[in-house]
1. What helices (runs of 4 or more DSSP H) lie completely within region 139-199 and have 2 or more residues being surrounded by 23 or more Cβ atoms within 10 Å (Cβ to Cβ)?
2. Answer yes if at least one residue in region 171-179 is farther than 30 Å from residue 20 by Cα and in contact with a helix residue (DSSP H, G or I) (Cβ under 6 Å, 6 or more places away or on another chain), and no otherwise.
3. Take region 125-138 and flag every residue that is closer than 16 Å to residue 70 by Cα and either surrounded by 23 or more Cβ atoms within 10 Å (Cβ to Cβ) or touching a residue at least 12 places away in the same chain (Cβ under 8 Å) (or both).
4. If I ask for residues that are in a strand (DSSP E or B), surrounded by fewer than 24 Cβ atoms within 10 Å (Cβ to Cβ) and at pLDDT 95 or above, which ones from region 97-124 would you list?
5. Given (1) part of a helix (DSSP H, G or I); (2) over 18 Å from the mean Cα position of the chain (by Cα), identify the lone condition not met by residue 47.
6. Suppose we keep only residues that are more than 26 Å from residue 48 (Cα to Cα) and exposed (fewer than 11 other Cβ atoms within 10 Å of the Cβ) within region 200-216. Which one would you say is modelled with the lowest pLDDT?
7. Can you say whether residue 76 is under 11 Å from the mean Cα position of the chain (by Cα) and either part of a helix (DSSP H, G or I) or over 25 Å from residue 182 (Cα atoms) (or both), as far as the supplied structure shows?
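The values are calculated or read from the model by the stated rules, or taken from the named source; none is laboratory data. Model, not experiment: these values are computed from the prediction. Note that each Cβ is placed from the backbone with ideal geometry, even for glycine, and that neighbours are counted across all protein chains shown.
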């Protein structure tokens, strides 16, 4: 199963991933940037460059995935709009994946955590976007956006939200796992999670963004992300 994934819930991340019949995963190419001021323009370039790096053309893809958050209004809109337009133009199925599931998969694959944990990213305003998981990766609760003190008591916190809000988390009696204190949702892990669910006959999310709170931002210019108006999105690697 050859996949393209996009996630813009925290950083801007794009990956081409091959999910094999035996359940193994190969990341053929991946790019990311923490740049958010020109996220729409950056994403256009990343998609094109990632396909070229993987020597994959849009016609070669079997399925696409996009992170639907939780995350900020503008960031999520950029990623979801781009993925939706590309899937339409390329004629490829598109599935939404909760972005925190990408962090949970990284934690689970590492084998470094043997107890329930929380995946968390920074939501600003001294808050976190978070979801909790059992030691085997089963979703327990969330996603939510709250102050750090409202996370489950005694939870081990994994994800970049832990480093940003470390002081408040420790005040609340919560620990930040040192191996995952800078971990953000990645498109490669998002694709691996989504492809695994589909391979097991499961279902994923739609494209409704998980904002979790009201927006105070503007919607990005859709023209920037429209493949008909931006020729660089119509092609791919030869």
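1. Hits in region 139-199: 160-164, 187-199.
2. yes
3. First pass over region 125-138, keeping only residues closer than 16 Å to residue 70 by Cα: 125-133.
Of everything in region 125-138, those that are closer than 16 Å to residue 70 by Cα and either surrounded by 23 or more Cβ atoms within 10 Å (Cβ to Cβ) or touching a residue at least 12 places away in the same chain (Cβ under 8 Å) (or both) turn out to be 126, 127, 128, 129, 130, 131, 132, 133.
4. Correct list: 122, 123.
5. (2)
6. Step by step, filter region 200-216, then rank; the result is 216.
7. yes
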